[in-house]
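Engineer: Mind having a look at this structure? Questions to follow.
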Amino acid sequence: MVKNDRQWRNLDRRLGHRSEFGALIRERRIGLGMSQLELVTAAQISLGTLRDLEQGRVALPRTSTAQRLIMVLGLADSGTALSQEKRDTLRYRYGSDLWVEALGPLTMVRGHRSLSLAHRERTLFALLILAQGNAVNTESVIDVLWGESPPVSARTILHTYISRLRALISGSGHGGAENLISRDSMGYRLRLTAENLDILKFQQVIGRARVTVDAAAACKRYEEALALWRGQVLADVPLLKNHHAVITLGSERMRSVLEFAERATRAGLSGHALPHLEGMAGISPFHEQVHAALMTTLAACGRRGEALRVYEDMRRRLDKELGVPPARVLRQALAEVTRNP
């Protein structure tokens, strides 16, 4: 996340000058097929703020607003997300014509073409992705898409959405799309592999990292896996932000970052894990274990003063917002930082 002027300058180099921020937001939103209403809902900002920004009436919003927009649109997370060129390389390395990304805003690429999905079709596709090959029954889909007031023709509309998804995947409605999205007595299933879904690729590479004995080699695999993340899971599908699979994946990302930091410290490679810890601390402002790991990693990188500021900022935040003192994990990190100047 973007927390200070230094990080803003780094963001400037990747995303353009501050005065172009609104144009960048609009371009990314349109590219993802999001309406203004969908974006403000996901980012929890006002519609007026977004319109002022996109129309150039505001050069740059307050930092908290910018952070939410950046996270939802996948513009900058830990600063280590894969570039489009590298994602293309990954897709073709495994011979996959279809590449789907859900570790951030939902995107789908077939060949060299980015595919756009309408609001409810995107939510349906996201539900199928989160099921990871398990069946999603019709009733649960209808409940998510329309809530307590589904149209009489909801089932027919759902079948239409499935047909459109199959057509998008295959380019013609044939060519194996029925095998990727199938239907049986249990419901609809989406059959993707690690070669065409970033969630599965992340899980595959993280699994390999955890069993790799050599710390340096393990760190390379942690970096490869975490670089697949572009923001919060399905950041542009607000209806699913509390889905149990979304929450589970977010927890798995946090666990992986903490593991990476520990392995990197042992290997003398703390600087490799630092951007991921900074990103995780930005989206988890009250997670004391993450901030403790950030402190010790900063100290290991020779940035003891910043480590102490992390502790003090966290102490004040806990006192002001929750009325509690720092937990033992933070106090232990403070002791370690002050003991090893």
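Engineer: Which three semi-axes in whole Å describe the equivalent ellipsoid of the stretch 218-341, each the square root of 5 times a Cα gyration tensor eigenvalue, listed largest first? List each step's numbers first, then the result.
Structural biologist: On the way: eigenvalues 126, 82, 21 Å².
Taking √(5λ) for each eigenvalue gives 25, 20, 10 Å, largest first.
Engineer: Which of the peptides 225-231, 148-154, 212-218 is most tightly packed, and how do the rest follow, judged by the mean count of other Cβ atoms within 10 Å per residue?
Structural biologist: Going by the mean number of other Cβ atoms within 10 Å, highest first, we get 225-231, 212-218, 148-154.
Engineer: Also: Could you compute Rg(Cα) / (2.2 N^0.38 Å) for the stretch 216-268, with N its residue count?
Structural biologist: 1.33
Engineer: Something else: Residue by residue, what Karplus-based ³J(HN,Hα) values in Hz, rounded to whole numbers, does the stretch 203-216 have, using 6.51, -1.76 and 1.60 with θ = phi - 60° and x for Gly and Pro?
Structural biologist: Here the 3J(HN,Hα) series is 5, 5, 5, 4, x, 5, 4, 5, 9, 7, 6, 5, 5, 5 Hz.
Engineer: At q = 0.15, 0.21, 0.22, 0.30 Å⁻¹, work out log10 I(q)/I(0) for the stretch 105-157 with the Debye formula, treating every Cα as an identical point scatterer and leaving solvent out; two decimals please.
Structural biologist: Log10 I(q)/I(0), no solvent term: -0.49, -0.85, -0.90, -1.22.
Bear in mind that the values in this text are calculations on the coordinates, not laboratory data. Just so it is clear, the model here is predicted, and its values are computed rather than measured. FYI the Cβ positions are ideal-geometry reconstructions off the backbone, even for glycines, and counts take in every protein chain you see.
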